[in-house]
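Visitor: Just dropping this structure here.
The values are calculated or read from the model by the stated rules, or taken from the named source; none is laboratory data. Predicted model, so just to flag it, every value in this text is computed and none were measured. So basically every Cβ, Gly included, is an ideal-geometry build from the backbone, and we count neighbours across all protein chains shown. Areas reflect the complete protein model, heavy atoms only, side chains present, ligands, DNA and RNA absent. Shrake-Rupley method; radii C 1.70, N 1.55, O 1.52, S 1.80 Å.
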Amino acid sequence: MVNRMAATAAYRLLNQKKLLHQRRLIPNFSQVNRSSSSSVAGFTHHCATAPRKQFLASYRWDLQKFTLINMQHSMSAIHHRNFGSVTSTIVQRNPVFSTINNDDLIYFEKILGPKKVIQDHEELQTANTDWMHKYKGSSKLMIQPENTTELSQILEYCNSRCLAVVPQGGNTGLVGGSVPVFDEIIVNTRRMNSIISFDKVSGVLVCEAGCILENLISFLDKEGFIMPLDLGAKGSCQIGGNISTNAGGLRLVRYGSLHGTVLGLEVVLANGSVIDMLGTLRKDNTGYDLKHLFIGSEGSLGIITKVSILTPPKLSSVNIAFLACQDYISCQKLLFQAKRRLGEILSAFEFLDAQAMNLALHHLDSVRNPLPSSIYNFYVLIETTGSNESNDKEKLEAFLLHAMESGLVTDGALAQDFSQASSFWHIREVENLINIICMITLNMLILCTRFQGIPEALMKAGAVYKYDLSLPVEKMYDLVEEMRIRLGGAANVVGYGHLGDGNLHLNVSAPQYDDAILAQIEPFVYEWTSRHRGSISAEHGLGLMKAEKIYYSKSTETVSLHYYEG
């Protein structure tokens, strides 16, 4: 059972998230109402007091904020942060939290060694900036613990000193959740990257949180297994960050979410307490399954250090089809038929509209239209994965024939070799050059490079407002159409995503960021999603961008449980 001290630290983190409206690991929040002092490694540190109401009042937010404007790197500047676009929104740094001094640096170097205490300007500039270049912090220190013990000592010390920290993995997030807001210490887990064990009988992999997803995929491939998680950012993202954000990806329709495949975790809380939940059992009905609190908590409750995850065996047959549909209703019906006729071999069902296809063709040099005779209204990419190549291909071809005869598909192509499979995924894929196992006609497995796709094209097109939404499948594209009417010719509205699990990536592309465009998008997009009982974050998380918008997806009573003091 988690002891009282650890439970208090968890509350500090959770309550801090409530007040700052951001996913941050910021210890010692319980000190807001009282003085405290503690002695760590010979140093005595005192945490200032501040009334709770005063603490709450010091944070002013606007529901229409979008981007974080970079401030000067000076201690005077980082006490206020502008989150403009539509209106001036000021977030104030709470004076309760300390700033780093020379004694802190001496302590960190004593625990970690100088190489793992980073103060280099260029490295910090990268670590302070999110992937979208919208959010930028002012941290002057990044630390890189190499194991759980080092991390525990660091967090215990920061807790005693009221030093705010932000956990960071590969920093590939899209909502500003892995970078500082002010001068928080960046705790990067990249050095915690060891594979601890792998059981070929059960398929259970145990590893440290800093393992890059692509490295785990390569390791498992040699063992005849695959990761149940597949992301475009796999060349950079870390498994700890994947779990902290409950990342979804391209094959959730086949393997489900991380809540189903993660068997155990080791986590360090804000006060340095190590919570060992690193089980490898599929069945364990002894009390609360606490690991689920940390899956998707975005580092607000603690930092994940170790993971045990169930991995499925690698199957020998992969087939990919790229299809055209005349309307969105046909896409829906095609999904229903795919689930019914392809059944257990269906591993991906992606869709994109004509606007997304045009962007990819225009901005990505190596993209070629698999169906060059025309530009269709909608496209669907289907992948099947099974164990019998001839049966699987026969099953897929029968499904495609039925879809063509019933009018659901107006055109299509079935990948016959390495090059075609690669080109199909090239259109849809996201963010990084990564590897996927593809099947070719000679029943051989080879590595097929999957390239950057629509997200890269959107970045090249100019400014982009990105929304990651979960909606009932029959309603998904209604939002895209309504947004187009709302914006008129002011912006290009693009829709694509994981149709198989109801995840829409709504993107509004414009030549530059514009307050007038943003005012038309927000809060409309969140209100529309809430009205249709959807989620404002399907797989990207809340981060800084959407943390204060949680009420659009969760009731007041539900949110209050997040912050219950007990």
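Visitor: Report in % the part of the accessible area of the range 195-310 that belongs to carbon and sulfur, leaving out ligands and nucleic acids; probe 1.4 Å.
Guide: Values: 2280 of 4340 Å².
Solvent-exposed carbon and sulfur of the range 195-310 make up 52 percent of the total.
Visitor: Which distance in Å, rounded to a whole number, links the C-alpha centroids of the range 489-546 and the range 314-392?
Guide: 23 Å
Visitor: Ranked highest first by average number of other Cβ atoms within 10 Å, how do 364-371, 546-553 line up? Don't skip to the answer; put the middle values down first.
Guide: Numbers: 364-371: 15.2, 546-553: 19.5.
Packing order, densest peptide first, comes out as 546-553, 364-371.
Visitor: Also: Could you tell me what % of all Cα pairs in the range 462-563 have separations over 21 Å? If you can, show how the numbers build up before the last one.
Guide: Values: 1690 of 5151 pairs.
Tail of P(r) above 21 Å: 33 percent of Cα pairs.
Visitor: Put a dot 7 Å past each Cα toward the Cβ at Phe524 and Thr99; how far apart are the dots in nm?
Guide: So the label points at Thr99 and Phe524 sit 4.3 nm apart.
Visitor: Turning to a different aspect of this structure: For every other residue with a beta carbon closer than 10 angstrom to the beta carbon of Arg191, add +1 if it is Lys or Arg and -1 if Asp or Glu, then tell me the sum. Working shown, then result.
Guide: Working: positive: Lys115, Lys116, Arg190; negative: Glu146, Glu150, Glu208.
Residues close to Arg191 contribute a combined charge of 0.
Visitor: Shifting gears a bit: Using square roots of five times the C-alpha gyration tensor eigenvalues, list the equivalent-ellipsoid semi-axes of the range 102-188 in whole Å, biggest first. Please list the in-between numbers first.
Guide: Numbers: eigenvalues 94, 31, 29 Å².
Largest first, the range 102-188 gives 22, 13, 12 Å.
Visitor: How far, in nm, would the chain grow between His562 and Asn377 when pulled straight, counting 0.36 nm per residue and subtracting the alpha carbon separation? Walk me through the numbers on the way to the answer.
Guide: Numbers: separation 185, 0.36 × 185 = 66.60 nm, distance 4.25 nm.
Extra length from His562 to Asn377 when fully extended: 62.4 nm.
Visitor: Given a Förster radius of 51 Å and the C-beta distance between Tyr288 and Ser419 as r, what FRET efficiency does 1/(1 + (r/R0)^6) yield to the nearest 0.05? Can you show the working numbers first?
Guide: On the way: r = 51 Å, r/R0 = 1.00.
Efficiency at R0 = 51 Å is approximately 0.50.
Visitor: Using the structure shown, list the pairs from Lys234/Lys306; Lys136/Lys466; Lys115/Lys291; Lys136/Lys291; Lys134/Lys291; Lys200/Lys339 with a Cα-Cα distance above 23 Å, or answer none.
Guide: Pairs exceeding the cut-off: Lys115/Lys291; Lys136/Lys291; Lys134/Lys291; Lys200/Lys339.
Visitor: Any idea of Val267's accessible area? Nearest 10 Å², probe 1.4 Å.
Guide: Answer for Val267: close to 0 Å² accessible.
Visitor: I'd like the distance between the alpha-carbon centres of the range 243-268 and the range 136-170, rounded to an integer number of Å.
Guide: That distance is 24 Å.
Visitor: Here's something else I'd like to know. Which order do Ser152, Ser555, Ser308 take by accessible area at a 1.4 Å probe, largest first? Intermediate results must be reported in sequence, preceding the final value.
Guide: On the way: Ser152 20, Ser555 50, Ser308 0 Å².
Putting Ser152, Ser555, Ser308 in descending order of accessible area: Ser555, Ser152, Ser308.
Visitor: Nearest 0.05, what FRET efficiency do Ser194 and Leu281 give at R0 = 25 Å with Cβ-Cβ as r? Kindly include the intermediate steps, with their values, before the conclusion.
Guide: Details: r = 22 Å, r/R0 = 0.88.
Rounded to the nearest 0.05, the efficiency is 0.70.
Visitor: How do the peptides 528-536, 191-199 rank, highest first, by the average count of neighbouring beta carbon atoms within 10 Å per residue?
Guide: Working: 528-536: 17.6, 191-199: 15.4.
The most tightly packed comes first, giving 528-536, 191-199.
Visitor: Using 0.36 nm times the number of residues separating Glu394 and Ala354, minus their current alpha carbon distance, what extension gain do you get? The partial results should precede the final answer.
Guide: Numbers: separation 40, 0.36 × 40 = 14.40 nm, distance 2.94 nm.
Result for the pair: 11.5 nm of gain on full extension.
Visitor: State, to one decimal in nm, how far the label point of Ala490 lies from the label point of Asp221, with both points 7 Å from Cα in the Cβ direction.
Guide: 4.6 nm
Visitor: Here is a follow-up. Please report the carbon-and-sulfur percent of the accessible area for the range 462-563; probe 1.4 Å, protein heavy atoms only, DNA, RNA and ligands left out. Mind showing how you got there, number by number?
Guide: Details: 1850 of 3750 Å².
After summing per-atom areas, the C and S share lands at 49 percent.
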